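So the structure is just underneath, and the comments pick up after that.
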Amino acid sequence: MDTGLSGKHVVITGASGGIGLETVKVFLSEGARVTGTYNSSMRELDSLQDKWQNQLLPVKTDQTEESEVESLFEQANEKFGRVDILVANAGIANHEGKAIQDMSLEQWEKTISVNLTGSFLCSKYFFANLEKYEGETASLILVGSTAGFFGEAWYSDYATSKAGMHGLMMSLKNEITHIAPKGRVNLVNPGWTLTPIAEEALTDKDMVTRILQTIPMRKTATPQDISSAILYFASEILSGHVSGQTINVAGGMEGRVLFTPREIQQSE
Ligand SMILES: NC(=O)c1ccc[n+]([C@@H]2O[C@H](COP(=O)([O-])OP(=O)(O)OC[C@H]3O[C@@H](n4cnc5c(N)ncnc54)[C@H](OP(=O)(O)O)[C@@H]3O)[C@@H](O)[C@H]2O)c1
């Protein structure tokens, strides 16, 4: 099926991570030109670049630094011209859960800064970029999390940063059309997905059982599940009249298991 993405230029943040890398591969195989960011190490992006030299530009970017985000878009323009699509995917989660009374201000600020402020900065320079070029269509895809909807006890910093993506999406969908008349902004909320960010939790058998109790499909997502939803929102052919929408890619997740039967019995 033709997605119409051939020749489009997409910036994908967090392209060295599990979901980002899979998304890069999908866009490359659709014939898109991809500027992909990494923060600390290129990882598999390195070998991809050898294979896709004419279509892939990796850029080291710490998205908490405004000057680095500005430079990212300058480098992207220089290599591939107008940025048609932004996938704001980069994010972090602290591996160790913390009750709010034990959470340091430093941890709170770091998570908000990378996940939410970083997405703000990338969106800001994406919009500024659209202003520089002629063009009717544009697509911003924010990557949130089911944690932003259901909450996530012991990870309130992360859940709050992801809940903020909804407000960003609902606001920016009404701003983008002032620059690109057919511009769209949507949100993809992954549920549990096997990537480095979730690896520790998903190798804990008890944790996996607890997670699967909330998911009718009784399985976690693959990075491909998430990249397919991103691809859908990116394509004018597939979703050209869809804006301000959220896709939860979470197997029908209902919420959270708060207590195991044993924990209930112990409290009786
Ligand atoms: N996996 C899940 O279960 C799950 C569930 C819900 C939502 N999500 C969301 O999906 C997105 C992708 O997650 P993932 O599972 O692919 O995680 P991942 O494999 O850990 O990848 C995270 C990416 O973000 C980058 N990053 C970290 N700090 C950054 C910074 N300061 N500036 C720029 N980039 C930075 C990382 O680069 P470096 O590694 O080089 O630092 C990496 O490329 C995240 O927003 C995450 O919150 C994931």
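The values are calculated or read from the model by the stated rules, or taken from the named source; none is laboratory data. All figures in this text were calculated on a predicted structure; none of them were measured in a lab. For neighbour counting, all protein chains shown are included, and Cβ atoms are generated from backbone atoms with ideal geometry for every residue, glycine included. Accessible surface is based on the protein model in full, side chains and every heavy atom, while ligands, DNA and RNA are left aside. Shrake-Rupley method; radii C 1.70, N 1.55, O 1.52, S 1.80 Å.
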Requested in this report: Could you tell me whether segment 251-264 includes any residue that is without any contact (Cβ under 8 Å) to a residue 60 or more places away in the chain, in a helix (DSSP H, G or I) and acidic (Asp, Glu)?
Outcome: yes
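Pick from LEU5, LEU45, LEU28: which is over 15 Å from the mean Cα position of the chain (by Cα), under 16 Å from GLY81 (Cα atoms) and open to solvent by less than 20 Å² (accessible area, probe 1.4 Å)?
LEU5
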Query raised in the report: So, in segment 202-224, of the ones that are within 20 Å of VAL143 (Cβ to Cβ), buried (at least 17 other Cβ atoms within 10 Å of the Cβ) and of a type in the set (A, V, I, L, M, F, W, C), which residue ends up farthest from the ligand (Cβ to nearest atom)?
Result: ILE215
Query raised in the report: What number goes with the only condition from (1) in contact (Cβ under 8 Å) with a residue 60 or more places away in the chain; (2) under 23 Å from THR23 (Cα atoms); (3) open to solvent by 50 Å² or more (accessible area, probe 1.4 Å) that LYS79 does not pass?
Result: (1)
Report task. Please find, among LYS60, LYS51, the residue that is without any contact (Cβ under 8 Å) to a residue 24 or more places away in the chain, open to solvent by 50 Å² or more (accessible area, probe 1.4 Å), touching a helix residue (DSSP H, G or I) at 6+ places or on another chain (Cβ under 9 Å) and within 15 Å of the ligand (Cβ to nearest atom). Result -> LYS60
Report summary line: Taking segment 132-153 and keeping residues over 15 Å from ALA76 (Cα atoms), open to solvent by 30 Å² or more (accessible area, probe 1.4 Å) and more than 15 Å from the ligand (Cβ to nearest atom) leaves GLU134, GLY135, GLU136, THR137, ALA153
